[in-house]
Amino acid sequence: MREVWDHLGIQVSSVIAGLIGGILSLSMLPRLTFRKAITAVIGGAACAAYLTPLAVEYLGIASRNLENGLAFALGVAGMNVLGGIFKLSERFERAPEDTINRLRK
């Protein structure tokens with residue numbers, strides 16, 4: 001099983017932290033439906049699994065404890081992070097050069 005996680009480039013500790021964060025984020029969602037709950041938990045785990053390595057490298061984090069804490073925070077904020085990514089992609093679709101120049105600042 002470990003080979004599968006390694007092949008996907010996912011650290012199990014990040015997924016677990018993201019799942020817990022996603023579950024805790026459920027208390028913050030208004031008008032929660034079953035579909036929204038499942039989406040929040042999966043979204044939190046996915047954000048933690050795939051954005052934690054990016055953030056760790058960008059921030060230069062060398063501590064495993066800080067990395068797991070960051071994965072948890074990304075799990076909690078996962079749906080907000082995904083919302084921001086969608087807004088950024090919409091902005092890029094309308095004005096690619098403008099969006100790139102803003103990101104470089």
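Quick grid of which residues meet (1) closer than 17 Å to Trp5 by Cβ; (2) under 15 Å from the mean Cα position of the chain (by Cα); (3) of a type in the set (Val, Ile, Thr):
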site: Ser25; (1), (2), (3): no, yes, no
site: Arg31; (1), (2), (3): no, no, no
site: Ala46; (1), (2), (3): yes, yes, no
site: Thr52; (1), (2), (3): yes, yes, yes
site: Gly60; (1), (2), (3): no, no, no
Just name the residue that is modelled with the lowest pLDDT out of those in segment 1-22 that are under 18 Å from Leu82 (Cβ atoms) and touching a helix residue (DSSP H, G or I) at 6+ places or on another chain (Cβ under 6 Å). Ile10
Taking the condition of being open to solvent by 60 Å² or more (accessible area, probe 1.4 Å) and under 11 Å from Leu74 (Cβ atoms), how many residues in segment 13-51 meet it? 1
Quickly run through segment 76-105 and pick out the residues that are in contact (Cβ under 8 Å) with a residue 24 or more places away in the chain and small (Gly, Ala, Ser). Ala77, Gly78
Among the residues in segment 93-105, are any more than 13 Å from the chain's Cα centre (by Cα), among the polar types (S, T, N, Q) and either open to solvent by less than 100 Å² (accessible area, probe 1.4 Å) or on the phi > 0 side of the Ramachandran plot (or both)? yes
Does at least one position in segment 52-59 carry a residue that is crowded, with 17+ Cβ neighbours inside 10 Å and among the acidic types (Asp, Glu)? no
Is it fair to say Ile10 is touching a residue at least 12 places away in the same chain (Cβ under 8 Å), open to solvent by 70 Å² or more (accessible area, probe 1.4 Å) and not basic (Lys, Arg)? no
Number of the exception - Val81 against (1) at pLDDT 90 or above; (2) assigned to a helix (DSSP H, G or I): (1)
Name the single residue, out of those in segment 1-12 being among the β-branched types (Val, Ile, Thr) and assigned to a helix (DSSP H, G or I), that is nearest to Phe72 (Cα to Cα). Val12
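The values are calculated or read from the model by the stated rules, or taken from the named source; none is laboratory data. Quick caveat: nothing in here was measured; it's all calculated off a predicted structure. Counting neighbours? That spans all protein chains shown, and the Cβs are built from the backbone with ideal geometry, glycine included. We work out accessible area using only protein heavy atoms, side chains counted, and drop any ligands, DNA or RNA first. Shrake-Rupley method; radii C 1.70, N 1.55, O 1.52, S 1.80 Å.
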